[in-house]
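Just so you know, all these numbers are worked out from the coordinates, no wet-lab data involved. As the structure is a prediction and not an experimental result, all values here were calculated from the model. Here Cβ is always computed from backbone atoms with ideal geometry, including for glycine, and neighbour counts include all displayed protein chains.
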Amino acid sequence: MNAKYIPFTRIIVQDSTVIRLPERLYSIFSGVKNAHKTACNARVQGVYDILAGRLLHYSIDPYSRNDLAAALDFSAQPGDLVLKDRGYYRAEAIEKDIAVGADCIFRYKHPSLFHSIETAERLNLAKLLKNSGSLEMEVLLGSEKNKQVPVRLVAFPVREEVANLRRMKAKKESKPPNRSPRYTPYAGG
């Protein structure tokens, strides 16, 4: 990659992975535990500069500290391009990057609130996409008028097979967990 043609001083990627640890570390890193099994996990967060080819920041946290909690851990600099997946999607993180003069790209996470810059009315993304198929427009992100952040919204269709996989995943995640027919929720006080 020839850096003289890239208008950014750094291209920053933030992501995480989960690693399994020995059960004896459960009291430090937690994980998942039920009546039959205990799994000890740690979440490793990393911030990497693609242009320099170096790790800028990392942390090893308990499994329960998710990407959303780590979204504000790293501070961008003017001239940076920050790339994060939807697990880090927070209006405060976007606002923080923009405030220092960095550009950022985040994947949309439902239920985000987008408003028209001209009218300040809430936008119905499903309706807009149904009518036009794709979008590229300046909008306001956020629900509170005094805390809305101006952003560029870009939306375009994905291949049908990708859309079907995402639909199946969303359907699976929206179902309640499988329970025994004998299960009765505790309603005591």
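From the helices alone, meaning DSSP H stretches of at least four residues, give me the mean residue ellipticity at 222 nm for the chain, per-run term -39500 (n - 2.57), in deg cm²/dmol to the nearest 500. Present the calculation step by step, with values, prior to reporting the outcome.
Working: 5 runs with 40 residues, N = 189.
-5500 deg cm²/dmol, from helical runs alone.
Using the Cα gyration tensor of the chain, with a ≥ b ≥ c the square roots of its eigenvalues, what is the shape: rounded (a/c below 1.5), prolate (a/b larger than b/c) or oblate (neither)? Mind showing how you got there, number by number?
Working: a/c = 1.97, a/b = 1.25, b/c = 1.58.
Because a/c hits 1.5 or more and a/b fails to exceed b/c, the chain counts as oblate.
Please give every one of the aspartates and glutamates within straight-line cross-link reach of Lys96, meaning a C-alpha to C-alpha distance under 14 Å, and leave out same-chain neighbours fewer than 8 residues apart.
Qualifying aspartates and glutamates at Cα under 14 Å: Asp73, Asp80.
If each residue's Cβ is checked for other Cβ atoms within 10 Å, how do Leu140, Leu56 rank with the fewest at the top?
Working: Leu140 20, Leu56 14.
Placing the least packed residue first, the sequence is Leu56, Leu140.
Could you tell me the largest-minus-smallest coordinate of the C-alpha atoms of the stretch 1-74 on each of the three principal axes, in descending order and whole angstroms?
For the stretch 1-74, the Cα extents along the three principal axes come out at 57, 21, 16 Å.
Fewest first, what order do Ile60, Ile50 take by the number of other Cβ atoms within 10 Å? If you can, show how the numbers build up before the last one.
On the way: Ile60 12, Ile50 15.
Ordered by Cβ neighbours within 10 Å, fewest first: Ile60, Ile50.
Report, by chain and number, residues whose modeled amide H sits under 5 Å from the one on Leu21, excluding near sequence neighbours (fewer than 5 apart, same chain).
Here the answer is Cys40, Asn41, Ala42, since their amide H atoms fall under 5 Å of that of Leu21.
Which ordering of Lys96, Lys130, Lys33 is given by a fewest-first count of other beta-carbon atoms within 10 Å?
Details: Lys96 19, Lys130 9, Lys33 12.
Exposure proxy ranking, most exposed first: Lys130, Lys33, Lys96.
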